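The values are calculated or read from the model by the stated rules, or taken from the named source; none is laboratory data. All values reported here derive from a predicted model rather than from experimental measurement. Glycine gets a Cβ as well: all are built from the backbone with ideal geometry, and neighbour counts include every protein chain shown.
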Amino acid sequence: MAVKMHAAVLYGKEDLRMEQVPVPRAGAGEVVVRVKAALTCGTDLKVYRRGYHARMLNPPIPFGHELAGEISEVGEGVTEFKVGDRVVALNSAPCDACYFCQRGQQNLCDDLLFNNGAYAEYILIPARIVAKNMLHVPQQVSFEHAALTEPLACVVRGLEESGIRSGDVVVVIGAGPIGLMFMHVAELAGAQVIAVVKRDDQIAAAQTFGAGKVVQTTAVDGPIAAVRALTPEGRGADVVIEAVATPMTWEWAVEMARKGGTVNFFGGPPSGTKVALDTNRLHYNDITLKASFHHTPGTCRRAFELITSGRFKCAEYITGRASLAEVAAVFARMMTRSERPETIDIKTAILP
């Protein structure tokens, strides 16, 4: 009879259930990790709210994708890892053979292998992720901090793709977990960061993570004019990162950029969303528009180095802890975060 464990399974929109499922066993090239910390994530909240994700999952499916833990079983042929090793396993791995992988766009891999199920006692790590996207965690780095690698890798790639340089003025629209990461990494890269936030509690959070100036949208007549007024000679930002995912903030981002500037639409709106942009402004101001999705093995390692080096403020990101049994309640509470302005809620560590 199979040994059972507790795991959170997403069945659909706001339908997250704790179930007993068999503990996975490692096949050839695979490992089983005992989850020591799994983190809540804006993407998981979006999936919980919508009931699906265009690329990562289709319900019913084990839920959660940011994790670190300890190897409990090693499959045949695994030589780089052993039982007891502390590891962070990323949530995907590319094939490295398709058109996109061969052109350095592994995040767009035609056969990108995703893995979910972090909110559980154990998780099976597929052979491809073991071989390409699982890393040893040093003893001095906590599991909670190591689990930040996946979202940070997406942010590192987003900033690299945006071409920021030391001294640039970077505007970040949105002060959720990803927006705050963008602010911090941009600051570490030597940028001057302007944060665009909505709630009172987000002002202090933005300042903690590197924003030298903050515009609160509910306290100004026009966020676009307010942001541009904070840039040198009112010319606009060198780089604007949109991390909210609404048509309005996408439009703001373009208007906040300087001539020759770059806008990165990082937030992903729902399928079918349309945005109206001023084509005259785009053309005659030579503005670069791009979007960033996911991460690559290279950015995962660069993000991991930021964490293990101690340069990244990991501890400040973990603002709550909960047991596995509380996962559904945690996500229900996250849905009402905007109604609790007195609460600073960035990431909750789920500790099985």
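Tabulated data for the structure shown
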{"read-out": "Lone unmet requirement of (1) surrounded by fewer than 21 Cβ atoms within 10 Å (Cβ to Cβ); (2) more than 30 Å from Arg86 (Cβ to Cβ); (3) among the aromatic types (Phe, Trp, Tyr) for Trp250", "value": "(1)"}
{"read-out": "Residue that is farthest from Leu324 (Cα to Cα) [pool: residues in the stretch 64-79 that are within 27 Å of the chain's Cα centre (by Cα) and not β-branched (Val, Ile, Thr)]", "value": "Ser72"}
{"read-out": "Yes/no for Ala257 being hydrophobic (A, V, I, L, M, F, W, C) and within 23 Å of Asp201 (Cα to Cα)", "value": "no"}
{"read-out": "Only listed residue being surrounded by fewer than 17 Cβ atoms within 10 Å (Cβ to Cβ), among the aliphatic types (A, V, I, L, M) and either touching a residue at least 24 places away in the same chain (Cβ under 8 Å) or in contact with a helix residue (DSSP H, G or I) (Cβ under 8 Å, 6 or more places away or on another chain) (or both), chosen from Val244, Val220, Val239", "value": "Val220"}
{"read-out": "Looking only at the stretch 121-146, and only at residues there that are β-branched (Val, Ile, Thr) and either over 19 Å from Ala349 (Cα atoms) or not assigned by TED's automatic domain parsing to the domain that holds Glu19 (or both), the one that is surrounded by the most Cβ atoms within 10 Å (Cβ to Cβ)", "value": "Ile125"}
{"read-out": "Those residues of the stretch 147-162 which are among the small types (Gly, Ala, Ser) and either within 13 Å of Asn107 (Cα to Cα) or modelled with pLDDT under 95 (or both), in sequence order", "value": "Ala153, Gly158"}
{"read-out": "Hits in the stretch 270-292 (condition: without any contact (Cβ under 8 Å) to a residue 60 or more places away in the chain and surrounded by 17 or more Cβ atoms within 10 Å (Cβ to Cβ))", "value": "Ile287"}
{"read-out": "Qualifying position, being in a loop (DSSP other than H, G, I, E, B) and buried (at least 24 other Cβ atoms within 10 Å of the Cβ), among Ala186, Ala118, Ala153, Ala195", "value": "Ala118"}
{"read-out": "Residue check, His295 within 28 Å of Gln105 (Cα to Cα), loosely packed, with under 13 Cβ neighbours inside 10 Å and modelled with pLDDT of 95 or more", "value": "no"}
{"read-out": "Count of the stretch 83-112 residues which are more than 18 Å from the chain's Cα centre (by Cα), assigned to a helix (DSSP H, G or I) and among the hydrophobic types (A, V, I, L, M, F, W, C)", "value": "2"}
{"read-out": "Selection within the stretch 256-302 - among the small types (Gly, Ala, Ser) and touching a Gly at 6+ places or on another chain (Cβ under 7 Å)", "value": "Ala257, Gly261, Gly267, Ser292"}
{"read-out": "Leading residue by the ranking (farthest from Val220 (Cα to Cα)) among those in the stretch 231-277 that are among the hydroxyl-bearing types (Ser, Thr, Tyr) and touching a strand residue (DSSP E or B) at 6+ places or on another chain (Cβ under 7 Å)", "value": "Thr262"}
{"read-out": "Matching option when the condition is out of contact with any helix residue (DSSP H, G or I) (no Cβ under 6 Å at 6 or more places or on another chain) and closer than 28 Å to Thr279 by Cβ, among Gly234, Gly179, Gly190, Gly212", "value": "Gly179"}
